[in-house]
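Student: This structure is in structure tokens; I'll ask about it shortly.
The values are calculated or read from the model by the stated rules, or taken from the named source; none is laboratory data. Not measured: the values here are computed from a predicted model. Quick reminder, even Gly has a Cβ in these numbers, built from the backbone with ideal geometry, and neighbours come from all protein chains shown. When the accessible area is computed, the model is the full protein with side chains, heavy atoms only, and any ligands, DNA or RNA have been set aside. Shrake-Rupley method; radii C 1.70, N 1.55, O 1.52, S 1.80 Å.
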Amino acid sequence: METKHSIGPWKVGAMTTSGHTIVRNASGGMVCVLESVYQSMRDADADLIAQAPDLLAERDRLRQVNAD
């Protein structure tokens, strides 16, 4: 299966003046914009999303380990 996503690492950006949190890719492009009434939820979601490329790489590594 071919993977299609923005190149990592992804980083959580600063909160915007409108209260949104932006996750950006390695070249600074937006991956997603999060909006929530609760800042703690928004920050937790942003942290999890930012880890997606690393989690995908780890999943692929573990698949290879299990196949061997």
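Student: Residue 59 is checked against (1) open to solvent by less than 80 Å² (accessible area, probe 1.4 Å); (2) assigned to a helix (DSSP H, G or I); (3) free of Cβ contacts under 8 Å to residues at least 12 places away in the same chain and fails just one. What number does that condition carry?
Tutor: Of the numbered conditions (1) open to solvent by less than 80 Å² (accessible area, probe 1.4 Å); (2) assigned to a helix (DSSP H, G or I); (3) free of Cβ contacts under 8 Å to residues at least 12 places away in the same chain, the odd one out for residue 59 is (1).
Student: Just a yes or no: is a residue in region 37-55 in contact with a Leu (Cβ under 7 Å, 6 or more places away or on another chain), acidic (Asp, Glu) and surrounded by 12 or more Cβ atoms within 10 Å (Cβ to Cβ)?
Tutor: Of the residues in region 37-55, the ones in contact with a Leu (Cβ under 7 Å, 6 or more places away or on another chain) are 42, 45-46.
Restricting the remaining residues to those that are acidic (Asp, Glu) gives 45.
Keeping just the survivors that are surrounded by 12 or more Cβ atoms within 10 Å (Cβ to Cβ) gives 45.
Within region 37-55, one or more residues are in contact with a Leu (Cβ under 7 Å, 6 or more places away or on another chain), acidic (Asp, Glu) and surrounded by 12 or more Cβ atoms within 10 Å (Cβ to Cβ).
Student: Collect the residues in region 34-67 that are of a type in the set (Val, Ile, Thr), at pLDDT 90 or above and under 30 Å from residue 16 (Cα atoms), keeping them in residue-number order.
Tutor: Pass one, region 34-67, residues of a type in the set (Val, Ile, Thr): 37, 49, 65.
Now drop any that are not at pLDDT 90 or above, which leaves 49, 65.
49 - this is the single residue of region 34-67 that is of a type in the set (Val, Ile, Thr), at pLDDT 90 or above and under 30 Å from residue 16 (Cα atoms).
Student: Right, another one. Every residue in region 1-36 that is part of a loop (DSSP other than H, G, I, E, B), touching a residue at least 24 places away in the same chain (Cβ under 8 Å) and either open to solvent by 70 Å² or more (accessible area, probe 1.4 Å) or out of contact with any strand residue (DSSP E or B) (no Cβ under 6 Å at 6 or more places or on another chain) (or both), please. Talk me through it step by step, then tell me what you get.
Tutor: Start the filter on region 1-36 by keeping residues that are part of a loop (DSSP other than H, G, I, E, B), which leaves 1-10, 16-20, 25-29, 35-36.
Now restrict to residues that are touching a residue at least 24 places away in the same chain (Cβ under 8 Å): 3, 5-10.
3, 5, 7, 8, 9 - these are the residues of region 1-36 that are part of a loop (DSSP other than H, G, I, E, B), touching a residue at least 24 places away in the same chain (Cβ under 8 Å) and either open to solvent by 70 Å² or more (accessible area, probe 1.4 Å) or out of contact with any strand residue (DSSP E or B) (no Cβ under 6 Å at 6 or more places or on another chain) (or both).
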